[in-house]
Amino acid sequence: MLSRFIGVSATIFSSRSGSILSRSLYKSGGRNHTQTMSTGKAFKVLITHPEVPQEGIDLLKENCEIIQVQSLPVNRAELLQKIRGVDGIFWGGHEALNAEALDAAGPQLKSISTMSAGIDYVDVAEVKKRKIPLGHTPTVLNTAVADLAVGLLIAAGRRFHEGRKKIETNNWENYHLNWMLGQDIRDSTVGFYGFGGIGQAIAKRLSGFDIDQVLYTTRRRVDKEIEKELNAKKVDFDTLLAQSDFVVIASPLTAATQGVFNATAFNKMKETAVLVNIGRGKIVNQDDLYEALKSNKIFSAGLDVTDPEPLSAKDKLLSLDNVVVLPHIGSATKRTRAEMATIAAHNVLRGLVGEPMLSPAY
């Protein structure tokens, strides 16, 4: 029964993921779930991607009839055909979740959860208008994304990509004393555009590199205890740009954040500055970034997100030596994806029986 999985998941998340979900929260939902679902598979749930981790599928299968999209890449026509008449949706990819999909599902739809932290591909206003609970899976991916962000910061600051190209083109010039010099993390100022769970997780890791201070730009100030722990100070955007040796974008994509890193912003940064983006590609004007890197307005960039995605192999950004580009793999560890699937499944199940989701999007 579902209560068995509730206990298991409580152990996983309270011990591994910084108490993302408390034991009491899991246990509080067990009674109603089992009463509602123990007599049969009363609900039909669509899983919109063929590669959702088995942990999430097994949770749903225990009490629901499962329908799963099998095409890869996901075929929109198949999704819209299979979505008809379902009670819940486990949204496993980044296809547009909009009025078209909701209309195709029908008025009986009771519950939706994405298997992602960001939900910029969701028409949240449309889902909310229909009074359908929506879940997502933030926080659980903080560790994996933070680890990758530190890797990008080091790789971009110490010219890993350029160094590899030197080897491949037989230009190993280490007889120069000043060859391939990079930027020190030690005693640096690291600025965060967005300083939520992921940003704070990155800052905690960087404290082991003996950085000097953390600056951050957010709408609201974070807790004073967090500021004290991380030696962090809230500043305005211009100050962040002017004073930071490394700038980390860890903000969601919104109308307010889209394109804020543009030519004007890059001109305010240090020429020795390193930009890291693990937020969303559209937060950066990529044409302006290309010009800033090519003309050495800034030192380098490390990107796990781009605009568009996938990025064309012929994109001009890839012609530069001073940029490290990854294909949006921030949360791509087996453990993290399994935990994301588990949370999304719990979200769907709770929404189906009218209980608060473990991780609601609103």
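The values are calculated or read from the model by the stated rules, or taken from the named source; none is laboratory data. Keep in mind the model is a prediction, meaning the values are calculated, not measured. When we count neighbours, we look across all protein chains shown, and the Cβ atoms used for this are built from the backbone with ideal geometry, even at glycine.
For S312, the conditions (1) in contact (Cβ under 8 Å) with a residue 12 or more places away in the chain; (2) of a type in the set (S, T, N, Q); (3) closer than 25 Å to D120 by Cβ all hold with the exception of (1). Against the condition closer than 23 Å to R337 by Cβ and at pLDDT 95 or above, how does P107 come out, does it pass? Spelling it out, it is not the case that P107 is closer than 23 Å to R337 by Cβ and at pLDDT 95 or above. The test for being under 30 Å from K165 (Cα atoms), surrounded by fewer than 23 Cβ atoms within 10 Å (Cβ to Cβ), of a type in the set (A, V, I, L, M, F, W, C) and in contact with a strand residue (DSSP E or B) (Cβ under 6 Å, 6 or more places away or on another chain) does not hold for I185. Could you please let me know if N171 is of a type outside the set (A, V, I, L, M), assigned to a loop (DSSP other than H, G, I, E, B) and more than 25 Å from V325 (Cβ to Cβ)? No; evaluated as a whole, the condition is false for this residue. Restricting attention to segment 83-105, does a residue exist that is over 30 Å from I278 (Cβ atoms) and polar (S, T, N, Q)? Among the residues of segment 83-105, not one is over 30 Å from I278 (Cβ atoms) and polar (S, T, N, Q), which makes the answer no.
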